[in-house]
Amino acid sequence: MKFSTLAERQILKAQTEGQFDHLEGAGKPLSGEGGGSVEAVGFRIMAEAGAVPREVQLRKDVEQQMRILAKTKDPEERKAQMRKLADLQLRLGIEEDARRRFFGS
């Protein structure tokens, strides 16, 4: 059975059970923030639900690691911090590639 068929069944089931009644923002247009792309909408929905995608968390980790590296003066410690940054950047690249492959873009 196709995923779209399963998803449609779950949506119809939730509708009949009233799970969509009285949701926050019901009857209002979706906000245009994030450019309206499928990814942006998906990330926004996940963020509102309290779930952070690995890709987003890795971006935050890379930014934090860059700040740590900028403050590090000791050459040996800098090397260790650079290794951590390289590892995080590699992981972020893998996540971005996986997302691109999944969405076919």
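Read-outs throughout are calculated quantities, based only on the coordinates presented, and are distinct from any laboratory measurement. Quick caveat: nothing in here was measured; it's all calculated off a predicted structure. Using ideal geometry, Cβ is built from the backbone for each residue, glycine included, and neighbour counts are taken over all protein chains shown.
Comparison of K71, K28 shows that the only residue that is over 30 Å from Q15 (Cβ atoms) and either without any contact (Cβ under 8 Å) to a residue 60 or more places away in the chain or among the hydroxyl-bearing types (S, T, Y) (or both) is K71.
For the structure I just gave you, tell me whether K60 is of a type in the set (K, R) and part of a helix (DSSP H, G or I). In short, yes. Out of all the residues in the stretch 1-28, which are among the charged types (D, E, K, R) and under 19 Å from I45 (Cα atoms)? Within the stretch 1-28, E8, D21, E24, K28 meet the criteria. Scanning the stretch 63-102 for residues that are within 21 Å of R44 (Cβ to Cβ) and surrounded by 12 or more Cβ atoms within 10 Å (Cβ to Cβ) turns up L92, E95, E96, A98, R99.
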